[in-house]
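Colleague: Okay, handing you the structure first.
The values are calculated or read from the model by the stated rules, or taken from the named source; none is laboratory data. These figures come from a predicted structure and were not determined experimentally. Cβ placement follows ideal geometry from the backbone for every residue including glycine, while neighbour counts extend to all protein chains displayed.
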């Protein structure tokens, strides 16, 4: 049986006195029959009235995006249970969730493509099923449900944490899928240039500009999609410029605690970021030119003069508008433009990897500054602990404030990547120069052919 997630019109719910849950999705079965238990669960999860389920399930006010993720994971489990002939009211953790649902996702049997799912996806789905079944047991909707847990110690190593160095005890589900060891693979500058050309040709100039913005600043794709017309001040004389960098503040679409909504965008914790002056000029030129054309398309699609006047009187607050219909470009649309073209530097290249690319480029840039100050010193004579110590310092002072937060695992990845690159710095950079020289010669040959000098 299929299950569908439905979002009611918030204004209509608010008018009827249900404004508190206007942002919560509802679940229907394939016959469009209201699935009461899962819908009630999502409501209680949203307003934090669901019963305590032990330290494994932490109460918090989730964002609309989180509720969407909860609903998708929950309906996936309900569809699996229905297809396997398992009554969720009788399902047990060891036999059904761990021994059935999780193992089928690990083997690829419960996967659209038939391939094993990522550990993070599996753990998220099984955890949500455990939350739902624990809630149902507490509400008398099923028999008692017990999740096997163990106590572990963890440090919350986040930029916003004032005591992240202090370990704390938490409960972890026994049987969680262990995540594969991460390693960073980043494209070369040549690969980035080629990929951006494909994005521009196949998805348009605006989405290519959004991709450049992520590479230039390390912001998330949702933060790029929520970028406002006035995020970068509209008057150049009001820009906060320091050298070749421009400082702006962002809060729409930012990850973390929600402070409300504006134009369907979550208002998150505000932070200041830096962008290159060249990127700021690109955004400014787009705002003064291509965006105006896109907005005109939006107005032209209006069905009446009165609707046109209303659209003109209330222009969209978002900077990036579609070149085809003038509507805002969503984070999902940006993700498709990033990953859905015919050329990618490598499989798995995504907006999140673009954040890593920005961070590592900054770390290498800082290393080059120090190297220039040291003078003609062989890199092989520089102690690795000196390199890793400086890299850790750069992460704390430059990378963390820009990205919003970095966990301990990502910090270690960055340090390992920088040390590995610098160990073979001479070979790496010489090879990069060699490739750039070949590309430059090829470009000159193409120019001569085009101008008839071949």
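Colleague: Has the stretch 287-301 got at least one residue that is within 25 Å of the chain's Cα centre (by Cα) and assigned to a helix (DSSP H, G or I)?
Modeller: There is at least one residue in the stretch 287-301 that is within 25 Å of the chain's Cα centre (by Cα) and assigned to a helix (DSSP H, G or I).
Colleague: Which residues, counting only those in the stretch 9-34, are touching a helix residue (DSSP H, G or I) at 6+ places or on another chain (Cβ under 9 Å) and in contact (Cβ under 8 Å) with a residue 12 or more places away in the chain?
Modeller: 10, 20, 21, 22, 23, 24, 25, 26, 27, 28, 29
Colleague: Filtering the stretch 146-180 down to residues that are loosely packed, with under 14 Cβ neighbours inside 10 Å, within 24 Å of the chain's Cα centre (by Cα) and at pLDDT 60 or above, which residue is farthest from residue 358 (Cα to Cα)?
Modeller: The extreme case among them is 178.
Colleague: Looking at this structure, is residue 204 more than 30 Å from residue 341 (Cα to Cα) and either crowded, with 17+ Cβ neighbours inside 10 Å or modelled with pLDDT of 95 or more (or both)?
Modeller: Numbers: more than 30 Å from residue 341 (Cα to Cα): no; either crowded, with 17+ Cβ neighbours inside 10 Å or modelled with pLDDT of 95 or more (or both): yes.
No: the conditions fail for residue 204.
Colleague: Please state which one of 234, 223 is out of contact with any helix residue (DSSP H, G or I) (no Cβ under 8 Å at 6 or more places or on another chain) and either at pLDDT 95 or above or on the phi < 0 side of the Ramachandran plot (or both).
Modeller: Being out of contact with any helix residue (DSSP H, G or I) (no Cβ under 8 Å at 6 or more places or on another chain) and either at pLDDT 95 or above or on the phi < 0 side of the Ramachandran plot (or both) holds for just one of 234, 223, which is 223.
Colleague: Moving on. Quick one: count up the residues across the stretch 312-335 that are part of a helix (DSSP H, G or I), surrounded by fewer than 17 Cβ atoms within 10 Å (Cβ to Cβ) and in contact (Cβ under 8 Å) with a residue 12 or more places away in the chain.
Modeller: Residues that pass the stated criteria total 2.
Colleague: Mind counting the residues in the stretch 104-133 that are at negative phi and either over 29 Å from the mean Cα position of the chain (by Cα) or surrounded by fewer than 14 Cβ atoms within 10 Å (Cβ to Cβ) (or both)?
Modeller: Going through the stretch 104-133 one residue at a time, the tally reaches 7.
Colleague: Find all pairs meeting these conditions: Cβ atoms under 7 angstrom apart; at least six residues apart or on different chains; first residue within the stretch 94-119 and touching a residue at least 60 places away in the same chain (Cβ under 8 Å) and in the same structural domain as residue 76 (by TED's automatic domain parsing); second residue surrounded by 15 or more Cβ atoms within 10 Å (Cβ to Cβ) and part of a helix (DSSP H, G or I).
Modeller: Short answer, once both residue conditions are applied: 102/122; 102/126; 106/122.
Colleague: While we're on this one: Kindly indicate whether residue 354 is farther than 29 Å from residue 254 by Cα and part of a helix (DSSP H, G or I).
Modeller: no
Colleague: Now, a different point. Sort out which residues of the stretch 397-409 are assigned to a helix (DSSP H, G or I) and either touching a residue at least 24 places away in the same chain (Cβ under 8 Å) or in contact with a strand residue (DSSP E or B) (Cβ under 7 Å, 6 or more places away or on another chain) (or both), and write them in order of number.
Modeller: 398, 399, 400, 401, 402, 403, 408, 409
Colleague: Among the residues of the stretch 264-286 satisfying the criterion of being free of Cβ contacts under 8 Å to residues at least 60 places away in the same chain and within 20 Å of the chain's Cα centre (by Cα), which is nearest to residue 59 (Cα to Cα)?
Modeller: The extreme case among them is 268.
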